[in-house]
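A.B. asks: Supplied in structure tokens, the structure appears directly below.
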Amino acid sequence: MSARRALAALTVLLTCVACSPGGGAMETTMTEKQAHDRVEDYVRAAFEALPGTASRTLFSQNRSECTDPTDDGPPGRFEISVTYEITGVQVAAFGEHVDAVVTWWRAHGFTVVTDRRPTDQYVFARNASDSFDMSIQANELGKLYLGATSPCVWPNGVPEAAGEPSETVVAAAPEPEPEPAPKPQPRPRRAAVDDEDFGETNWSDGGTAF
């Protein structure tokens, strides 16, 4: 194998260290804390679309491992979600409140993915820019819930395999082959020319459970 091909092969090998077993890129993400802060921010902002009499109480807060992530990425990541119960609003006006939240979503980068109205008061949406999900749902018990879920994130924002320091592999430059001794010439030879050129040789399931 020529020196150029050896260097190229080593470059490919080092690049693949950052690949997942399935071939997908082991990309960095926001941290769990950042994901938690963002789901809280989304709920807080969407809540402002409701009337002034409304209040909210934390109903659930979850950290779920992405055992079968929809983005075909590697395991070891988590989805962060929060759900709030909305109180202080009339059950008869739930439809208006759902409409108000959906209107806020559409004005802030969310696209409705699932809308079960009028059979059920349930709407699910996703933000195209960061893949965060939101949902609003009313049940037969007269309860109204508003929640948000993050995409799959690494706990510390980096792939687990890349979280530990790793040795830097440096390719050793190939030793040049000794030039043959020049034969006697009647006049000076030109300088030898090398044969090789050593140059430039990225609620995910669409549902909620209350």
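The values are calculated or read from the model by the stated rules, or taken from the named source; none is laboratory data. Source: prediction; values computed, not measured. Virtual Cβ from ideal backbone geometry, glycine too; neighbours counted across all protein chains shown. Keep in mind that these areas ignore ligands, DNA and RNA; they rest on the heavy atoms of the full protein, side chains included. Shrake-Rupley method; radii C 1.70, N 1.55, O 1.52, S 1.80 Å.
A.B. asks: Output the qualifying pairs, or none if there are none: Cβ atoms under 6 angstrom, residues six or more apart or on different chains, first residue in the stretch 36-62 and more than 13 Å from LEU144 (Cα to Cα) and at pLDDT 95 or above, second residue assigned to a loop (DSSP other than H, G, I, E, B) and hydroxyl-bearing (Ser, Thr, Tyr).
C.D. replies: These pairs meet every condition: VAL39/SER150.
A.B. asks: Output yes when any residue across the stretch 73-81 is open to solvent by 80 Å² or more (accessible area, probe 1.4 Å), more than 22 Å from ASP37 (Cβ to Cβ) and assigned to a loop (DSSP other than H, G, I, E, B), and no when none is.
C.D. replies: Within the stretch 73-81, one or more residues are open to solvent by 80 Å² or more (accessible area, probe 1.4 Å), more than 22 Å from ASP37 (Cβ to Cβ) and assigned to a loop (DSSP other than H, G, I, E, B).
A.B. asks: Taking the conditions exactly as written (of a type outside the set (A, V, I, L, M), over 13 Å from CYS152 (Cα atoms), open to solvent by 80 Å² or more (accessible area, probe 1.4 Å) and part of a helix (DSSP H, G or I)), does GLU96 satisfy them or not?
C.D. replies: Yes; evaluated as a whole, the condition is true for this residue.
A.B. asks: Would you point out the residue of the stretch 130-162, among those that are loosely packed, with under 15 Cβ neighbours inside 10 Å and closer than 22 Å to ASP99 by Cα, that is modelled with the lowest pLDDT?
C.D. replies: GLU140
A.B. asks: Considering only the stretch 131-148, state which residues are assigned to a loop (DSSP other than H, G, I, E, B) and in contact with a helix residue (DSSP H, G or I) (Cβ under 8 Å, 6 or more places away or on another chain).
C.D. replies: PHE132, GLY142 - these are the residues of the stretch 131-148 that are assigned to a loop (DSSP other than H, G, I, E, B) and in contact with a helix residue (DSSP H, G or I) (Cβ under 8 Å, 6 or more places away or on another chain).
A.B. asks: Go through (1) modelled with pLDDT of 95 or more; (2) surrounded by 14 or more Cβ atoms within 10 Å (Cβ to Cβ); (3) not in a helix (DSSP H, G or I) for THR29 and report which single condition fails.
C.D. replies: The failed condition is (1).
A.B. asks: What are the residues in the stretch 101-143 that are under 16 Å from SER81 (Cβ atoms) and among the basic types (Lys, Arg), if any?
C.D. replies: ARG126
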